[in-house]
Amino acid sequence: MSTVRTTDFGTGVLSRAAALVHTLVVVEAMLLAAASPGLAGLLLLGPDPANLPLAAVCLLPLGPALSAALYALHHRSHDLTDLHPARAYWRGWRLNARPVLKLWTPLLAWLTVIAFSLTHFAATGLPGWWAGLLALIGVACLLWAAHALVLTSLFAFRARDTARLAAYFLLRRGRATLAAASLLVLTAAMTALLTEALPALLAAPLLLSLLHTSRPVIAETQEDFTA
């Protein structure tokens, strides 16, 4: 007679690893599907700086897609017998699409202004250090966006409260911000040295890393800013 308990099935190390791989693959597929209209538009655009506003429009679907992926990864099951990543993804998309767009849209508009200014900087006649300042502001906005994306995906705050909390955590949780900066550098390196498609194909593992490094932010938000 077997001594293996049926309640242990799906809870071992190999099962948890298989569950993680399955979740990452499904979430990646869902993310690409949700962002595909914008990604397809980006492929049709040339590298001309004049296309920057159109590129920003194409990136609009990416915000809700990333948020839904973070939601699904945060709520993933470790049990191989109880996996529903696609259901969790679309639930996250329905819950977070509108709140995310309230922050994602002005962020893209502001980053477009910065990128357009940098690509036409020679025509401005400003000193070179202004370009460095604009680039620094752009990086700070991206790091703020990483915190804001996590907060919007997991909590139901008003947009202005999320924006304030994301700015608060930039310095309050320096390690989490540095970790987000590392992921940003890694993404930029993959894009510049390999192909623009690679960050999109590895979006789910990158977001899982962001979620892992944001645990102090998530824990403090739960303890201090939720009822």
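Among ALA163, TRP90, ALA123, which residue has its Cα positioned farthest towards the positive end of the charge dipole of segment 6-224, with +1 placed on the Cβ of Lys and Arg, -1 on the Cβ of Asp and Glu, and the dipole taken about the Cα centre?
Checking the options against the dipole of segment 6-224, the answer is ALA163.
Could you give the nm distance between label points at ALA188 and LEU171, where each point is 7 Å from its Cα heading toward the beta carbon?
2.2 nm
With +1 on each Lys and Arg Cβ and -1 on each Asp and Glu Cβ, and nothing else charged, work out how big the dipole of the chain is about its Cα centre, in Debye to the nearest 20.
Result for the chain is approximately 440 debye, rounded to the nearest 20.
Quick check on the exposure proxy: order ILE218, ILE137 from fewest to most C-beta atoms within 10 angstrom.
Values: ILE218 16, ILE137 13.
With the fewest neighbours first, ILE218, ILE137 line up as ILE137, ILE218.
Highest mean first, what order results for 123-131, 154-162, 176-184, 65-73 on Cβ atoms within 10 Å?
65-73, 176-184, 154-162, 123-131
I need VAL150, VAL26 ordered by Cβ neighbour count within 10 Å, fewest first.
Fewest-to-most Cβ neighbours within 10 Å comes out as VAL26, VAL150.
Each value in this text was obtained by applying a stated rule to the coordinates, not by laboratory testing. Predicted, not measured: the structure shown is a model, and the values here were computed from it. Heads up, the Cβs are rebuilt from the backbone with ideal geometry, glycines too, and the neighbour counts pull from every protein chain shown.
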